[in-house]
Amino acid sequence: AAAAAAGQAPTSAAPAAPASMAGRTESMPRRTTIRPFRSQTRIDEEGAKKIIDDLRAAFREIHQQNASSLSFEELYRNGYNLVLHKHGDSLYAGLQNEITDHLRKIGDEVGSESDQ
C-alpha cells in the first residue's frame, strides 16, 4: 500500500480474480450447482395415447381393488410427464371417461339389483 501511495507499481501483484469470483476470498469454497436432469425426448400424440391407455387400465385395477401390482410412483411419473409435455387435456379427458364409464357400470349394477 505504501508503494502505491508513493506512485510506484507494486512488485508482486496478485492476478485479478475472475468476475464470477468477485467478493470471494481464498477461504470461501466455490459453490457447486446441481442442475436437474432434463430429458431431451418429447412425448408425441401416439406416446401420450399409450400412456393414457396404461393409466386407464391402472384405474380399472384400482376400481377392482387389485392395485397390489401397481407402482404408484410410476403412475404419478407418467401423469406428471404428460402434463409437462402439454398433454394434460388429453390425460384429463381420458381419465374422466374412465371414471364416467366406471360410475355408469356401478349405477347399472345398483339399478339391476334394486329391480330384483
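Scanning segment 34-57 for residues that are open to solvent by less than 70 Å² (accessible area, probe 1.4 Å) and polar (S, T, N, Q) yields a single hit, 39. Kindly evaluate residue 95 against the criterion of being in contact with a Phe, Trp or Tyr (Cβ under 8 Å, 6 or more places away or on another chain) and touching a residue at least 40 places away in the same chain (Cβ under 8 Å). Taking the combined requirement at face value, the residue satisfies it. Taking the conditions (1) in a helix (DSSP H, G or I); (2) open to solvent by 70 Å² or more (accessible area, probe 1.4 Å) in turn, residue 107 satisfies each one other than (2).
Per this entry, residue 60 is not counted among residues that are open to solvent by 50 Å² or more (accessible area, probe 1.4 Å), more than 15 Å from residue 97 (Cα to Cα) and out of contact with any Ser or Thr (no Cβ under 8 Å at 6 or more places or on another chain). Could you tell me whether segment 55-62 includes any residue that is touching a Gly at 6+ places or on another chain (Cβ under 8 Å), of a type outside the set (A, V, I, L, M), modelled with pLDDT of 95 or more and not in a loop (DSSP other than H, G, I, E, B)? Yes. Take residue 90 and decide whether it is surrounded by fewer than 10 Cβ atoms within 10 Å (Cβ to Cβ), among the polar types (S, T, N, Q), assigned to a helix (DSSP H, G or I) and out of contact with any Ser or Thr (no Cβ under 7 Å at 6 or more places or on another chain). Spelling it out, it is not the case that residue 90 is surrounded by fewer than 10 Cβ atoms within 10 Å (Cβ to Cβ), among the polar types (S, T, N, Q), assigned to a helix (DSSP H, G or I) and out of contact with any Ser or Thr (no Cβ under 7 Å at 6 or more places or on another chain).
The values are calculated or read from the model by the stated rules, or taken from the named source; none is laboratory data. Bear in mind that the values here come from a model prediction, so they are computed numbers and not experimental data. Using ideal geometry, Cβ is built from the backbone for each residue, glycine included, and neighbour counts are taken over all protein chains shown. Side chains are part of the model used for accessible areas, which takes the heavy atoms of the whole protein and leaves out ligands, DNA and RNA. Shrake-Rupley method; radii C 1.70, N 1.55, O 1.52, S 1.80 Å.
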